Amino acid sequence: MSTPTSGAGKGLEGVIAANTRLSDVRGDIGQLIYCGYDINELAGKGGKVILLSHFGRPKGGPDPKYSLRPVVPEVARIIGRPVAFAEDCVGAVAAAAIAKMKNGDVLCLENTRFHPGEENNDKELAKKFAALGDIFVDDAFSAAHREHAANTAIVTVSNLPAYPGRAMKAEIDALQRAFEMPEHPVAAIVGGAKISTKLDLLGHLLSKVEVLIIGGGMANTFLAAQGKPIGKSLCENDLIPNARDILAKAKSLGREIVLPVDAVVAQKFAEHVPTRVASVDQIGPTDMILDFGPASVKHVISVLSRTKTLVWNGPFGAFEVKPFDTGTVEVARAVAELTKAGRLVSFAGGGDTVAALNVAGVVGALTHVSTAGGAFLESLEGKTLPGVKVLLVS
Ligand code: AMP
């Protein structure tokens, strides 16, 4: 990214940094620390750093519940500098706070979503955002799939030079490494509850990877498509034809699809209920499939040990409830080991996936773990994100 070499005395009045995940400050300190490097570097070089961010889903007007004020002390603690706060992100209040700034100061503005124009990508609001500073640094990859005034129109309606911050750049670089010049063979793990939310993803990945590993509740719909009994397991019956199409497409493209060969089943979805391991040909009428079985986990790990690049979204089982986290945790640990040994380049993302990697204690051991949910998924679907498209990415 480009940063001002010397802000003081060179007309660098302000740097607008978009840090969407300031909102999640309690749950996502890692992201904030990452953004903190940019804020510190810019302020350290004499820039006046103005933070634009959003929090929650206020209904287009000020709502104290969604104020960014409580975030300010945490930002100050992390960057080790005082951070001022203004009760509006545009208009006279913001202008007065900016007028008081000295070189090297940091100012956090109130939630951009307190203005309805933010989520409508409103040009007039975007012009006001753009007028706040001279350079725009966007570190909010997790919002990059949205066309909002503070991340898209702010650039298209102005002449602001717009750059990715470090966290944004790390995400862009990881996706390029995974899809544009990956080391082959490439495998993808797609897990989670349903295929309905991941049909585009499955379709796109089939054209990109040699091996597609399907985990979680969504594997049940594929098992049903193969005529296997799945008892009372989660299944999207209306999407069985889509699952058949995906299996047929994989065959015609010569791609390998990995489905479970056994499963951990229970009669009830609850903590520490009695469980049984069953072959996927022998699921009983009252059984619920809640995790990959040991033979399936072993098979996935053996596939991964002959893989060079992995992209992972979605857990192998209902990992929030023990012992149904076992499959996901074992695969996560194997991915971490292979990555540490230099045998695998591993990318993972999505809220549940990151939560599952946390359960396994391996987030730091993968090559790159995305902080984003929707933006990561849309990138894996092959979409160009509007918030990335407007940036000058080298
Ligand atoms: P997603 O948001 O689509 O990535 O799905 C994540 C959710 O899928 C998690 O809450 C898991 O508990 C759930 N899940 C994974 N496997 C199963 C399964 N076999 N049965 C029911 N839910 C599952």
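The values are calculated or read from the model by the stated rules, or taken from the named source; none is laboratory data. Since we're looking at a predicted model, the values are computed, not measured. So basically every Cβ, Gly included, is an ideal-geometry build from the backbone, and we count neighbours across all protein chains shown. Areas reflect the complete protein model, heavy atoms only, side chains present, ligands, DNA and RNA absent. Shrake-Rupley method; radii C 1.70, N 1.55, O 1.52, S 1.80 Å.
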*Could we say that Val354 is more than 11 Å from the ligand (Cβ to nearest atom) and surrounded by 15 or more Cβ atoms within 10 Å (Cβ to Cβ) here?*
no
*Do you know which residues across the range 227-239 are under 21 Å from Thr286 (Cβ atoms) and away from the ligand (no atom under 12 Å from the Cβ)?*
Gly227, Lys228, Pro229, Asn237
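When you look at Ala174, is it modelled with pLDDT of 95 or more and not β-branched (Val, Ile, Thr), yes or no? Show your work before the answer.
Details: modelled with pLDDT of 95 or more: no; not β-branched (Val, Ile, Thr): yes.
Considered against the rule, which asks whether it is modelled with pLDDT of 95 or more and not β-branched (Val, Ile, Thr), Ala174 comes out as no.
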*Got at least one residue in the range 247-262 being open to solvent by less than 40 Å² (accessible area, probe 1.4 Å) and more than 20 Å from Val303 (Cα to Cα)?*
no
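Quick one: in the range 126-145, which of the residues that are assigned to a loop (DSSP other than H, G, I, E, B) and within 26 Å of the chain's Cα centre (by Cα) is surrounded by the most Cβ atoms within 10 Å (Cβ to Cβ)? Outline the logic, then answer.
As a first pass, look at the range 126-145 and keep what is assigned to a loop (DSSP other than H, G, I, E, B): 131-134, 139-140, 144-145.
From what's left, within 26 Å of the chain's Cα centre (by Cα): 139-140, 144-145.
Values: Asp139: 33, Ala140: 30, Ala144: 31, His145: 22.
The qualifying residue surrounded by the most Cβ atoms within 10 Å (Cβ to Cβ) is Asp139.
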*Hey, could you check the range 84-111 for residues that are open to solvent by less than 10 Å² (accessible area, probe 1.4 Å) and farther than 13 Å from Ile16 by Cα and say which is farthest from the chain's Cα centre (by Cα)?*
Ala86
*Have a look at Pro294, Pro285, Pro323 and point out the one that is farther than 27 Å from Val209 by Cβ, away from the ligand (no atom under 15 Å from the Cβ) and not hydroxyl-bearing (Ser, Thr, Tyr).*
Pro285
*Can you give me the number of residues within the range 51-68 that are within 25 Å of the chain's Cα centre (by Cα) and in contact (Cβ under 8 Å) with a residue 12 or more places away in the chain?*
12
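Taking the conditions exactly as written (at pLDDT below 95 and either within 18 Å of Val300 (Cα to Cα) or under 19 Å from the mean Cα position of the chain (by Cα) (or both)), does Ala187 satisfy them or not? Explain how you work it out, then say what you get.
Working: at pLDDT below 95: no; either within 18 Å of Val300 (Cα to Cα) or under 19 Å from the mean Cα position of the chain (by Cα) (or both): yes.
Taking the combined requirement at face value, the residue does not satisfy it.
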*Restrict the check to the range 322-331 and report whether at least one residue is aromatic (Phe, Trp, Tyr), in contact with a helix residue (DSSP H, G or I) (Cβ under 8 Å, 6 or more places away or on another chain) and modelled with pLDDT of 95 or more.*
no
*Within the range 33-60, how many residues are open to solvent by 20 Å² or more (accessible area, probe 1.4 Å) and either closer than 25 Å to Asn121 by Cβ or of a type in the set (A, V, I, L, M) (or both)?*
7
*From the set of residues in the range 225-239 that are over 30 Å from Arg306 (Cα atoms) and either part of a helix (DSSP H, G or I) or modelled with pLDDT under 95 (or both), which is least open to solvent (accessible area, probe 1.4 Å)?*
Leu239
*Quick one: how many residues across the range 319-342 are touching a Ser or Thr at 6+ places or on another chain (Cβ under 6 Å) and aromatic (Phe, Trp, Tyr)?*
1
